[in-house]
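The values are calculated or read from the model by the stated rules, or taken from the named source; none is laboratory data. Just so you know, these numbers come straight off a predicted model, no measurement behind them. Backbone-built Cβ (ideal geometry, glycine too); neighbour counts: all protein chains shown. Heads up: the accessible areas ignore ligands, DNA and RNA and are worked out on the full protein's heavy atoms, side chains in. Shrake-Rupley method; radii C 1.70, N 1.55, O 1.52, S 1.80 Å.
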Amino acid sequence: YWIAGGVIGMFLVSLVNYQKLLDRVHWLYIAAIVSLMSVMLFGQKYLGARRWIKVPGGAHLQPSEWVNLILILAVAKYFADLHQRELTWPDFIKAGAIVLVPMLMVLRQPDLGTGLTYLPIAIVGLFLGGVRFRQAAIVTIAAALLLPLAWHALKPYQRDRLTSFMHPEADSQGSGYQVNQSLIAVGSGGIWGNSEGSQTHLAFLPVPQTDFIFAAFAEEHGFVGALAVMLLYFIVLMRLTQNAQTAPDRAGTFVVMGVVAVLSFHILVNVGMVVGFMPVTGIPLPLMSYGGSSVLFMFLALGIVMNVRMRRFVN
């Protein structure tokens, strides 16, 4: 049902001129903030986090996933309206604030994984918008100095997730359990895979339908299957990048590259998490992980890209 709804939504979004969406993005941004506030006030709490809103029919929506799309449009609109080749500090701060406000609201839910997915949108926007090396260096140093403060602001389980992936064997039945089981699943798949993989079918692998879907797939289809999936992702990313190059205007380029940034970040972190190179942050794998809000966001994002491509010859 979610996939069917996403495909329909993708084609509907592709029919609406993206310039009209950009012209009304301030209203969409306000709606995004309101939706995040409604989660804080009325959201359903599961596993210690308040991230979902229950809608008629018993389904649950996660507004923070949809905010990604609105931020892509908001950042694209902001930088498209700037005509200078280099960013000033006020421009830099305003662009950062556009992303930082919803990001802080999501981190408060708490949802570290989804909150981090907003950063690539800002980084790509600033890079394409003409950020100067000095500005990037100053912000990077400031962020590094603030890391100890951010570390103390995290909850204990979040700290365990960010550190356990480096030495999962140190607490194999606790904080390192997920990473250990994932590594076993990926390794047991071998070259061609094992359709009766013990880690997935005997429920040793946690949440194989969401966060660790790639581990379950690698166990059942092996190195060849995993490589085929990564090749498909590479083709999609290259196709999206080509669409950004042929966009009819500056705003279209920013929109498509924003989608590329979010999609790349999801793939990098999720696959890296599965093979023990990234901390466990609960970021879904696009178009594979189960989750209605994630599926809808991804199809709508692809619909926006289709929208830009369809108008590449319009003056």
* To do: Restrict the check to region 181-189 and report whether at least one residue is buried (at least 17 other Cβ atoms within 10 Å of the Cβ), in contact with a His (Cβ under 8 Å, 6 or more places away or on another chain), of a type outside the set (Phe, Trp, Tyr) and assigned to a loop (DSSP other than H, G, I, E, B).
  => yes
* Asked: Which condition does SER289 not pass, out of (1) in contact with a Ser or Thr (Cβ under 9 Å, 6 or more places away or on another chain); (2) closer than 20 Å to LEU231 by Cβ; (3) assigned to a helix (DSSP H, G or I), if it passes all the others?
  -> (3)
* Does region 210-221 include one or more residues that are at pLDDT below 85, open to solvent by less than 70 Å² (accessible area, probe 1.4 Å) and of a type in the set (A, V, I, L, M)? -> no
* To do: Among the residues of region 300-315, write down those that are at pLDDT 90 or above and of a type outside the set (D, E, K, R).
  => LEU300, ALA301, LEU302, GLY303, ILE304, VAL305, MET306, ASN307, VAL308, MET310
* Just wondering, is there one or more residues in region 68-76 that are of a type in the set (S, T, N, Q), open to solvent by less than 60 Å² (accessible area, probe 1.4 Å), farther than 21 Å from TYR290 by Cβ and in a helix (DSSP H, G or I)? -> no
* In region 99-111, the residues that are open to solvent by 30 Å² or more (accessible area, probe 1.4 Å) and closer than 20 Å to VAL259 by Cα -> LEU100, VAL101
* Asked: Out of all the residues in region 1-25, which are open to solvent by less than 90 Å² (accessible area, probe 1.4 Å), over 18 Å from LEU302 (Cβ atoms) and either without any contact (Cβ under 8 Å) to a residue 60 or more places away in the chain or touching a helix residue (DSSP H, G or I) at 6+ places or on another chain (Cβ under 6 Å) (or both)?
  -> ASP23, VAL25
* **Candidates VAL236, VAL259 - the one that is surrounded by fewer than 20 Cβ atoms within 10 Å (Cβ to Cβ), modelled with pLDDT of 95 or more, out of contact with any strand residue (DSSP E or B) (no Cβ under 7 Å at 6 or more places or on another chain) and outside any loop (DSSP other than H, G, I, E, B)** => VAL236
